[in-house]
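One structure is given below, encoded as structure tokens.
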Amino acid sequence: PQLINQIAAGEVIERPASIVKELVENSLDAGARQIEVLLERGGAKRILVRDDGCGMSAEELPLAVSRHATSKIASLADLESVATLGFRGEALPSMASVARLRILSRRADADHGFAITADGSDQTPAAEPAAHAPGTSVEVLDLFFNTPARRKFLRTEKTELGHIEQLIRRLALAHARVGFRLEHNGRSVLDLRAPSHGDINDGQASDGQASLRRRLEQTLGGDFLDAALMLEDQAVGLRLFGWVAQPAFSRSQADRQFFFVNGRMVRDKLVAHAVRQAYQDVLHHSRHPAYVLFLELDPRQVDVNVHPAKQEVRFREGRQVHDFIFRALHRRLAGGAMAAGAL
Ligand code: ADP
Ligand code: MG
């Protein structure tokens, strides 16, 4: 029961972007190499997420839409060091209760796929044979059709699309080897190709590094990479790497602040404070810094389940993490600024 309660801590479907987040994370968990997100009317009319991941069998499909059925946690201990992005087994059933949900899926070893339609009732629907390529498509239609009060809180198509676009950029930065495509009302919005084999074996320092640079170029633009300083720093149990640009780089108002903790995008007060302080100390102002930073630490040192819909984390040694981030950035910004004669 404790596990169930922790799991039930809350799956909040606030807007179309919340759904896209859960579906894309499921696709990533399923080992997808290519993920397509197709939207109609900002996602309010239709969200389709298609992947080439491991797929589900006819037996697994009904389980996927029943509450608390997750293939990803075996015990409470697992929950403390969640390795996969998904947890809780709540996302699909929650969606089925606020929208029309249809899933098509096929395992690589099956000769055809299966489909299931969930209507939010307690009855577990049965899977029926259907044509599908290996992988999974999840379609969410008419979001909040049965909860008009919540539907009223949806913003304009443009606003909802903006949230989704920014979400895909984040996920794409955290998964540089996966291809992402976003389409809205039949028009391509983002096409972030995965590096081909030739690209990642082109003699660069490492495969991961090369795919990441390419992904940065795709999501933030080549001028970010030109303007940014590369950073890499370590302390006991902590590693920080990525790129920091001086505030002079301000191509647009778009959000260019990305901080990942163990591959998960966070917006955390402690982290934000450490970053801001470093910019402030070195450059004497901290307006619009642009950065993409990845912090890695022992998963037991950080709780990412504080609130599933928020992007906060809780560090066991908050002070230590704060000071490490501050010092690493300070050192790099000070060094870079002096080299460029910008101070
Ligand atoms: P969770 O991700 O927390 O396990 P979800 O409700 O998001 O819960 O998904 C329920 C289950 O459905 C997953 O544990 C997984 O087994 C299966 N599933 C969902 N999406 C996919 C997908 N795209 N590919 C393969 N399996 C999936
Ligand atoms: Mg999930």
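Read-outs throughout are calculated quantities, based only on the coordinates presented, and are distinct from any laboratory measurement. None of these values were measured; they are calculated from a predicted model. Neighbour counts run over all protein chains shown; Cβ positions are idealised from the backbone, glycine included.
Brief remarks follow.
- In a fully extended conformation the segment linking Arg316 and Ser66 would gain 86.6 nm over its present Cα-Cα distance, using 0.36 nm per residue.
- Per-pair calculated FRET efficiency, R0 = 35 Å: Thr117 and Thr156 via Cβ, rounded to 0.05: 0.75
- Environment charge at Pro289 (Cβ cut-off 11 Å; Lys +1, Arg +1, Asp -1, Glu -1): +3
- FRET efficiency, Asp109 to Asp191 (Cβ-Cβ, R0 30 Å, nearest 0.05): 0.50
- If the chain linking Asn146 and Asp303 were pulled fully straight, counting 0.36 nm for each residue of separation and taking away their Cα-Cα distance, it would gain 53.1 nm.
- Going from the residue with the fewest nearby Cβ atoms within 10 Å to the one with the most, Met230, Met56, Met265 rank Met230, Met265, Met56.
- Charged neighbours of Ala44, selected by a Cβ distance under 14 Å, balance to +4 (K, R count +1; D, E count -1).
- Overall shape of the range 95-188 was characterised from the C-alpha gyration tensor. The equivalent ellipsoid obtained from it has semi-axes of 26, 23, 10 Å, in decreasing order.
- Distance distribution P(r), the range 221-338, all Cα-Cα pairs, bin width 10 angstrom from 0: 13, 48, 31, 7, 0 percent.
- Summarising the label geometry, the points placed 7 Å from Cα in the beta-carbon direction at His288 and Ala334 lie 2.7 nm from one another.
- Computed 3J(HN,Hα) for the range 47-57, one whole-Hz value per residue from the Karplus formula 6.51 cos²θ - 1.76 cosθ + 1.60 where θ = phi - 60°, is 10, 10, 10, 10, 9, 10, x, 5, x, 10, 7, glycine and proline marked x.
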